[in-house]
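The values are calculated or read from the model by the stated rules, or taken from the named source; none is laboratory data. Note that this is a predicted model, so its numbers are computed, not measured. Cβ atoms come from the backbone with ideal geometry, glycine included; neighbour counts cover every protein chain shown.
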Amino acid sequence: MCATLWAGALARADIIDRIAVSVGNRVITASDLDREIRVIAFLDRAKGKPDFSPAGKRAAAERMVEQKLIRRELETSRYPVPSAAEVEPVIEKFKKDYFPSDIEYRHALADAGITEQDVKDELLWQRTLLLFIGVRFRPGVQLTAQEIQDYFDKVVQPAAQAAHPGQTVDIEDYRDQIEQKLTGQRVDQAVDTWLKEARRRTEIVFHEEVFQ
C-alpha cells in the first residue's frame with residue numbers, strides 16, 4: 001500500500017513538474033510557467049486574472065526562454081547585477097499603491113497562489129534585465145545629426161504643427177525627446193538581433209502538450 005501511495009505521489013509530482021521548454025541544457029517546467037503567469041498578473045493589477053490559455057502560456061514561455069538566454073550570458077560574462085535590496089523600495093511602493101494593509105497584501109498573495117519571494121524574484125529580474133540592456137546595448141547606439149533632423153522633419157514637426165497651428169516649431173525644443181526615442185528604438189533592435197542569434201545557437205524545444 002505504501003509503495004502504491006509513493007508511486008502515486010511521484011506520478012503527481014511528475015505531472016506538476018513536466019518540462020515545458022528545453023533551452024539548451026536548461027529547462028522551464030510547467031510549474032515554472034504557472035508561477036510566471038501568476039506573478040505577472042499579480043504585479044499587473046489592471047490586467048485581471050492570470051491567462052492560462054494556450055496563447056497566454058506560449059507568451060509566458062517565450063519570455064522565459066529569453067530570460068534563460070540572458071541569464072546564461074550574465075553567468076558567462078562580467079555584467080553588473082543589482083542586489084536584492086534594490087527591489088525593497090519597489091515592493092513597498094507596490095504595496096502602498098494597491099493594498100490598504102500588509103494583511104490585505106498577504107491575503108492577495110495567497111489568493112494568487114504565489115509567495116512574496118516570487119514577487120521579489122520577478123522584480124529583481126526586471127531590474128537585472130534593464131541593467132543588462134543598458135550596459136550591453138545602449139553604449140553602442142550612435143545617432144547622427146541628420147537622423148535627428150530627419151525624425152524631426154518627418155514626425156515631430158508635422159505633429160506639433162497640427163496640434164498648435166501657426167506656432168513656430170524649433171528642433172531644439174524636442175532634441176532630447178527625439179534622441180531618447182531613437183536611442184530606445186535602436187536598443188530594442190539590437191536586443192532583438194542579439195536574442196535571435198542566441199536562439200539560433202541554442203537548441204530550444206517546446207513540449208506542446210504543456211501548452212494545450
Tell me which residues, restricted to the stretch 53-80, are surrounded by 14 or more Cβ atoms within 10 Å (Cβ to Cβ) and not in a helix (DSSP H, G or I). 79
If a residue must be under 16 Å from residue 39 (Cα atoms) and without any contact (Cβ under 8 Å) to a residue 40 or more places away in the chain, how many such residues does the stretch 82-91 contain? 2
Subset of the stretch 111-145, residues more than 14 Å from the chain's Cα centre (by Cα), hydroxyl-bearing (Ser, Thr, Tyr) and under 26 Å from residue 176 (Cα atoms), comes to 144
Of the residues that make up the stretch 37-48, is at least one crowded, with 17+ Cβ neighbours inside 10 Å, part of a helix (DSSP H, G or I), of a type in the set (Lys, Arg) and within 14 Å of the chain's Cα centre (by Cα)? yes
If we only count helices (runs of 4 or more DSSP H) wholly inside the stretch 93-175, which ones have 2 or more residues that are surrounded by 13 or more Cβ atoms within 10 Å (Cβ to Cβ), in the same structural domain as residue 76 (by TED's automatic domain parsing) and of a type outside the set (Ser, Thr, Tyr)? 102-112, 116-136
